[in-house]
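Below you'll find the structure, written out as C-alpha cells, and then a few comments.
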Amino acid sequence: MSVFTNLSFVGRFLLIAVLTLGLATLLSQNASAQSDGELVLADNLTTPPSVASMQQAADLVRDSYPERLERRGIGGVVLLEFVVDESGRVEQNTVEIVTTSSTILADAAKSIVHRIRFRPGEVNGRQVRTQIQFPIEYKSAGS
C-alpha cells in the first residue's frame, strides 16, 4: 500500500497542494531566469539558434581569410563557443576558441564572429540567451 492511500482526504489534499506549489515555484523560477537573460541550456530549447544569413556569414569568413594562408592553400577549421543573446547577436566577451588548426585562422574567426547574425534560440516561442559551439571553416579556392 502506498503512502498516498494511507493519507486522509485532507492529508492527500495538502500533499497535492504542496507538490503543486513546488512545481509552480520551479516553473516560475525557470521562467524568470529566462526572462532575466540567464542562459538556457540546449536541452531546454524548443528551437536552437541558427545563422540568419548564410550568405552574410560566408562573405564575412571569405573576407577574413588571411591572404598569406589562402595564397599557400592553407585552410582549417576553428571551433568557437559563445553566447547568442535574445536579439541574435553574439556577446563578444563570451567568445572562446575551443579548437583550431591554426592560431592565425583562430584570430581571423574571432575577429568576425560578432558580426554574424543569428536567429536566437527559443523556448516555447520566447527568444532566449543560449551558449553554442560554432565551426568556421577556411578553404582556399584550390582545395
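Just to be sure, is SER111 under 21 Å from ASP63 (Cβ atoms) and in contact with a Gly (Cβ under 8 Å, 6 or more places away or on another chain)?
Numbers: under 21 Å from ASP63 (Cβ atoms): yes; in contact with a Gly (Cβ under 8 Å, 6 or more places away or on another chain): no.
No: the conditions fail for SER111.
Tell me which of these ALA106 doesn't satisfy, since it passes every other one: (1) farther than 27 Å from GLY37 by Cβ; (2) surrounded by fewer than 16 Cβ atoms within 10 Å (Cβ to Cβ); (3) out of contact with any Asp or Glu (no Cβ under 6 Å at 6 or more places or on another chain).
(2)
What are the pairs, 6+ residues apart or on separate chains, where a residue within region 120-140 that is under 12 Å from VAL61 (Cβ atoms) has its Cβ under 9 Å from a residue that is among the charged types (D, E, K, R) and surrounded by fewer than 16 Cβ atoms within 10 Å (Cβ to Cβ)?
Between residues of region 120-140 that are under 12 Å from VAL61 (Cβ atoms) and residues that are among the charged types (D, E, K, R) and surrounded by fewer than 16 Cβ atoms within 10 Å (Cβ to Cβ), the close pairs are PHE134/GLU81; TYR138/ARG62.
Can you pull out the residues in region 18-68 that are surrounded by 11 or more Cβ atoms within 10 Å (Cβ to Cβ) and modelled with pLDDT under 50?
Within region 18-68, ASN30, ALA31, ALA33, GLN34, SER35 qualify.
Among the listed residues PHE4, PHE82, PHE9, identify the single one that is within 14 Å of PHE134 (Cα to Cα) and either aromatic (Phe, Trp, Tyr) or at pLDDT below 95 (or both).
Going through PHE4, PHE82, PHE9 in turn, just one is within 14 Å of PHE134 (Cα to Cα) and either aromatic (Phe, Trp, Tyr) or at pLDDT below 95 (or both): PHE82.
Is there a residue in region 78-86 that is part of a strand (DSSP E or B) and in contact (Cβ under 8 Å) with a residue 60 or more places away in the chain? Before the answer, list the steps.
Filtering region 78-86 for residues part of a strand (DSSP E or B) gives 78-84.
Within this subset, residues satisfying the condition of being in contact (Cβ under 8 Å) with a residue 60 or more places away in the chain are 78.
Yes: region 78-86 contains one or more residues that are part of a strand (DSSP E or B) and in contact (Cβ under 8 Å) with a residue 60 or more places away in the chain.
The values are calculated or read from the model by the stated rules, or taken from the named source; none is laboratory data. The structure presented is a predicted model; accordingly, all values stated were derived computationally and were not measured. Backbone-built Cβ (ideal geometry, glycine too); neighbour counts: all protein chains shown.
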